[in-house]
Amino acid sequence: MADQEALQRLRESFVLQGAMATLGAQLTHVAPGEVDISFGWAPALTQQHGFIHAGMLSTALDSACGYAGFSLMPADAGVLTIEFKINLLAPAKGQRFRCEGRVLKPGRTIVVAEGRAYAINDGQEKLCATMQCTLMAVQGREGIAGK
């Protein structure tokens, strides 16, 4: 699926995600097997100490990994996460956040990706989380195919 038409399908799918709209997230890098999603700090996304909540960061990392995998899937496939593990390395404290997803091993049905989340303060990035993500290409299932 890694052609311009495929990357356009990825962008169209991203717009359908209410979760990404809630985060105020944007696609900031899209290439075959690679996706970056960025969003800004907002009070509604924080935990009690003012850091971005781990659930919010996990959501963005999951989508970055998922779309990285989706970019390599057939045009009629949809993508679903079947497992992920996140390591929270430092408080998610920043003005902006960049979550990158990269495919480690593409496959016909199962794709393995990794993610990294960076907190950005005054242009300086600090790694605050990593993710291992397993994805599934879903074909022939009503309501899922192609998005």
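The values are calculated or read from the model by the stated rules, or taken from the named source; none is laboratory data. Fair warning: this is a prediction, and the values are worked out from it, not measured in the lab. Every residue, glycine among them, receives a Cβ derived from its backbone with ideal geometry; neighbour counts consider all protein chains shown. Side chains included, ligands, DNA and RNA excluded: accessible areas come from the protein's heavy atoms. Shrake-Rupley method; radii C 1.70, N 1.55, O 1.52, S 1.80 Å.
Taking each residue of region 112-124 that is more than 17 Å from Ile37 (Cα to Cα) and looking for partners that are open to solvent by less than 60 Å² (accessible area, probe 1.4 Å) with beta-carbon atoms closer than 7 Å, six or more apart or interchain, yields Val112/Thr134. Evaluated against (1) over 16 Å from Arg9 (Cβ atoms); (2) open to solvent by less than 60 Å² (accessible area, probe 1.4 Å); (3) under 12 Å from the mean Cα position of the chain (by Cα), Phe70 falls short on exactly one condition, (1). Counting only residues that are touching a Gly at 6+ places or on another chain (Cβ under 8 Å) and not acidic (Asp, Glu), region 95-117 holds 11 of them.
Of all the listed residues (Ala68, Ala129), the sole one being outside any loop (DSSP other than H, G, I, E, B), at pLDDT 95 or above and either more than 30 Å from His49 (Cα to Cα) or out of contact with any strand residue (DSSP E or B) (no Cβ under 8 Å at 6 or more places or on another chain) (or both) is Ala68. No other residue among Lys93, Lys85 is open to solvent by 20 Å² or more (accessible area, probe 1.4 Å), basic (Lys, Arg) and in a loop (DSSP other than H, G, I, E, B) apart from Lys93. Annotation: of all residues in region 104-130 being under 22 Å from Arg11 (Cα atoms) and open to solvent by less than 30 Å² (accessible area, probe 1.4 Å), the one that is farthest from the chain's Cα centre (by Cα) is Val111.
The rows are residues; the columns are (1) open to solvent by less than 20 Å² (accessible area, probe 1.4 Å); (2) of a type in the set (Gly, Ala, Ser); (3) without any contact (Cβ under 8 Å) to a residue 12 or more places away in the chain.
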residue: Gly18; (1), (2), (3): no, yes, yes
residue: Gln26; (1), (2), (3): no, no, no
residue: Trp41; (1), (2), (3): no, no, no
residue: Gly50; (1), (2), (3): no, yes, no
residue: Leu57; (1), (2), (3): yes, no, no
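The residues in region 12-39 that are in contact with a helix residue (DSSP H, G or I) (Cβ under 9 Å, 6 or more places away or on another chain) and outside any loop (DSSP other than H, G, I, E, B) can be counted, and the count is 18. The residues of region 131-147 that are open to solvent by 90 Å² or more (accessible area, probe 1.4 Å) and either of a type in the set (A, V, I, L, M, F, W, C) or touching a residue at least 60 places away in the same chain (Cβ under 8 Å) (or both), listed by number, are Gln139, Arg141, Lys147.
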